[in-house]
Amino acid sequence: MSDCFINGIASISAQPTTDPDMFLEELISYHENIFRCHDPNYKDYIKPAAMRRMSKSVKMGVTTASMALKDSGVEIPDAIITGTGMGCKQDSEKFLENILHNDEQFLTPTLFIQSTHNTVGGQVALGLGCKAYNVTYVQGAASFETSVMDAQLMLSEESGKNILVGGIDEIAKNSTLLHKLDGQIKEEDIDIITLLDSNTSGTVASEGATFMVLGAKTDKSLANIIDVETISEATPDEIKADIEKFLLRQGLSVDDIDAVVLGNNGDIKYDNYYKNLQSSIFSNIEQLCYKHLIGDYYVASSFGFWLACKIFATNQIPSVLKVNDVTAKNHNNVLLYNQYLGKNHSIALLQRC
Amino acid sequence: MAELREELKEKLIEQLSLEDVEVSEIGDDDPLFGDGLGLDSIDALELIVLLEKDYGIKLKDPKEGKAIFESIGVMADYISKHRTK
Amino acid sequence: MNKGIAITGMGIISSIGNTVEENLNALKSVSPGISRVEMLQTRHSDQIMVGEIKKTNSVLEEELGLQPLHSFSRTAMIGAIAAKEALEDAQISDVNKYRTGFVSGTSVGGMDTTEKHYLEYTEIEDNRRFIRAQHAGFTTQSISNYLGINGYVSTISTACSSAANAIMLGARMIQAGKIDRMIVGGTDALSKFTINGFGTLMILSDSECTPFDDNRKGLNLGEAAAFLVLESDSVVEKENKKVLGRVAGWANANDAYHQTASSSDGEGAFLAMNKALKIANMTAKDIDYVNAHGTATPNNDLSEGVAMTRIFGEEDTPLFSSTKAFTGHTLAAAGSVEAVYSLLSLKENLIFPNLNFKTKMKEFSLVPQTELVSKEVKTILSNSFGFGGNCSTLIFTK
């Protein structure tokens, strides 16, 4: 396995996460099951002329991409790889509604142009004038991880590259409400901080973006991505075995893991995937969760990568993340696991550099 | 005609999301594309729909738009001559 | 020359045929599949021509043996049909015997079902199963579940270059030893969403499209799915597999010029072709035939043509054609549809014609191959470009 280091990272989420000097010291509380991200001042990153047509996901994506590049000191990356579960949902939804409500008449191109899943990847490239490799992955909750896997593959083919990898998903008014209708989002509004103990089906929905610059080790390296794996479908016990096999391939066992970052989202129908691990192979490991802070969305798991980098950089674990009583002495190996509705499982191992 | 020109300026700002532009800043003869207001080919397509929807003028070939959308003044002349609503 | 990754199976459904064999027969007998819209309800049915698969959704359901209340969109159904044919062609019965992955390209995923049910979800509970089915990843998983593939599954959505990128990813993962076998390709069904979307860009032709013609008016949309089975050499050896051809070169570059339009110097296309030749360890002279993207929009054909003259030289450009006048532009599936046609060219030593061409373009002297021609073909370069500046090139060899 070739080296795949995170040399810069930035995340926009429902919490104030864009200030590099902060690590969840200040939290925003939410009391509705659909809530938007905490916006930075996009005008600081995007020129007004470029911004006039941009939907939320494009603004979030272009801004976090710019922050991550700045963090890494890389100006123009050698590849841009983006992941998104739903793509530019706001513009897709508006265009679709215009088609349906106006009987396919008087439609304008801007919404359609920006409805494609690769809009953010294309806009980042256009903004940077970057003519390199550019791909967008759309695989539900594994959209971000499949993007990271491509970057990792690319670094193994040709070392010395700097690869910009990002995940973006936005709330769209009506389409997100549909997820309430089909049971993906909880019926009754809750205090989001209580999400993990809600004992009801469904989760809460939000939005966000995380971008990272991956490459060879530098003095800015925050973490080493040892490996990432995605599994389309599996039972909780199969996942347990898959995690053990995953670690074995790295010459490790669960005992070598200092903390696990889990994607519990308070959906009693599917949190058993996590609980099955929490009560067995992870029972003696420090367990951390985050979706009671930022909600769930298809690339919410990218927040786990940001958390791991923050933990390595600050040697701190905000207590709000902790869900068991185990405290690791050092945090050198952090394992991430996430799934959504029993599908698109992802396992990632990050190591301190 | 002056009224139509003002109306067009307002519509332009709204339809093309020209958030930082005021009606008073658009001169009747200012070029809309290139060095003037800086509109592009996507805006031209938006304006074609605006002609159809609000004034009942249907352009078949997007290339026709180039001359019509030269400035607010030219656009207003064209609309007043060809409008069906 | 890069030996490349073995292709051991292929499957396709398009407006010119429901199987590889039917597609080959239509190409050989020069029977294009461009018609008026019949399966889909749209107010534009008299204004556009499309490449439509003349099967209703219920016929597709029956062919796949789907249960009532399934959540397959039309995109997923045609995808499953083509992927199944590819597995059968590769004589794979136990899909999990080797580490097997599935990568599909799609642009709008299950939009065809969304646009049908969107306004009624609140009233009709039974249809709510299609809410999740809109997502592109869901479409892919419907197909991978149908095939029994549960490990590495992903979807690439880079507009009209999606399937080409899926093939590229499969080849790269096998080359790196990450996986033994990949089913790769793409699927897109016709939808009101895309018909109206391309309509707003005013690039839909009201008659049969005419790629690379000076008087071209725009594209015909099409629907199709096509998949290839890629296998590592060790699997090919162990199983004593027939090899249909190889993916020997691949590249992806971005034009970074405009959200939808291609640059006038074809820079993105040039970079993609150039890099693909490098990966294949070939020079431009090694290419016998180019299966062009050739959508028949004024912008694409000019940009792609200029890029070809930059790669090959205006006088030395090899035989080339766009097969879009047969199938229409099948969006995310185009790259894999044309990969299947490229493999058929290699196998049959035939070059399929660029239909409806009459007048040479003013900007250069390039003239596409307009007749079916028999010729020894060893290497084919195939282009796919999309919105967002995405340009991809694949090179196939015997």
Seminar exercise, completed: Pairs returned, first residue in segment A:85-97 that is within 10 Å of C:Q134 (Cβ to Cβ), second residue that is among the aromatic types (F, W, Y) and buried (at least 24 other Cβ atoms within 10 Å of the Cβ), beta-carbon separation under 8 angstrom, 6 or more apart or interchain, are A:M86/A:Y298
For this session: Determine if segment A:63-72 includes at least one residue that is outside any helix (DSSP H, G or I), more than 8 Å from chain C (Cβ to nearest Cβ) and over 15 Å from A:G127 (Cα atoms).
Result: no
For this session: Consider C:L221 carefully, then state whether it is more than 16 Å from C:S336 (Cβ to Cβ), at pLDDT below 95 and not acidic (D, E).
Result: no
Problem set entry | From the options B:A76, B:A44, residue that is of a type in the set (G, A, S), under 30 Å from A:K43 (Cβ atoms) and assigned to a helix (DSSP H, G or I) | B:A44
For this session: Count, please, the residues in segment A:95-114 that happen to be facing another protein chain (nearest Cβ under 7 Å), buried (at least 24 other Cβ atoms within 10 Å of the Cβ) and assigned to a loop (DSSP other than H, G, I, E, B).
Result: 0
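Quick grid of which residues meet (1) within 12 Å of the chain's Cα centre (by Cα); (2) within 11 Å of chain A (Cβ to nearest Cβ); (3) without any contact (Cβ under 8 Å) to a residue 24 or more places away in the chain:
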{"position": "C:I149", "(1), (2), (3)": "no, yes, no"}
{"position": "C:I156", "(1), (2), (3)": "no, yes, no"}
{"position": "C:A166", "(1), (2), (3)": "yes, yes, no"}
{"position": "C:L169", "(1), (2), (3)": "no, yes, no"}
{"position": "C:Q175", "(1), (2), (3)": "no, yes, no"}
{"position": "C:D180", "(1), (2), (3)": "no, no, no"}
{"position": "C:I183", "(1), (2), (3)": "no, no, no"}
{"position": "C:D188", "(1), (2), (3)": "yes, no, no"}
{"position": "C:I195", "(1), (2), (3)": "no, yes, no"}
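To keep it simple, each residue is scored yes or no on (1) assigned to a helix (DSSP H, G or I); (2) among the charged types (D, E, K, R); (3) more than 12 Å from chain A (Cβ to nearest Cβ).
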residue: C:V95; (1), (2), (3): no, no, yes
residue: C:F102; (1), (2), (3): no, no, no
residue: C:V108; (1), (2), (3): no, no, no
residue: C:T122; (1), (2), (3): no, no, no
residue: C:R128; (1), (2), (3): yes, yes, no
residue: C:S142; (1), (2), (3): yes, no, no
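Okay, residues lined up against (1) among the small types (G, A, S); (2) part of a strand (DSSP E or B); (3) surrounded by 23 or more Cβ atoms within 10 Å (Cβ to Cβ):
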site: A:M212; (1), (2), (3): no, yes, yes
site: A:V228; (1), (2), (3): no, yes, yes
site: A:A241; (1), (2), (3): yes, no, no
site: A:L252; (1), (2), (3): no, no, no
Problem set entry | Failed criterion for B:K60 (all others in (1) free of Cβ contacts under 8 Å to residues at least 12 places away in the same chain; (2) more than 14 Å from every other protein chain (Cβ to nearest Cβ); (3) in a loop (DSSP other than H, G, I, E, B) hold) | (2)
Problem set entry | From the options A:A259, A:A241, A:A223, A:A216, residue that is free of Cβ contacts under 8 Å to residues at least 12 places away in the same chain and on the phi < 0 side of the Ramachandran plot | A:A241
For this session: Output the qualifying pairs, or none if there are none: Cβ atoms under 7 angstrom, residues six or more apart or on different chains, first residue in segment A:142-161 and outside any helix (DSSP H, G or I), second residue modelled with pLDDT under 95.
Result: A:S159/A:S2
For this session: Would you confirm whether any residue within segment A:5-18 is within 18 Å of A:F144 (Cβ to Cβ) and within 14 Å of chain B (Cβ to nearest Cβ)?
Result: no
For this session: Considering each of A:Y133, A:Y30 in turn, give the residue that is among the aromatic types (F, W, Y), within 12 Å of another protein chain (Cβ to nearest Cβ) and either touching a residue at least 40 places away in the same chain (Cβ under 8 Å) or surrounded by fewer than 22 Cβ atoms within 10 Å (Cβ to Cβ) (or both).
Result: A:Y133
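The values are calculated or read from the model by the stated rules, or taken from the named source; none is laboratory data. Worth saying up front: this structure is predicted, and the values here are computed from it rather than measured. Neighbour counts are summed over all protein chains in view; Cβ atoms, including those assigned to glycine, are modelled from backbone coordinates with ideal geometry.
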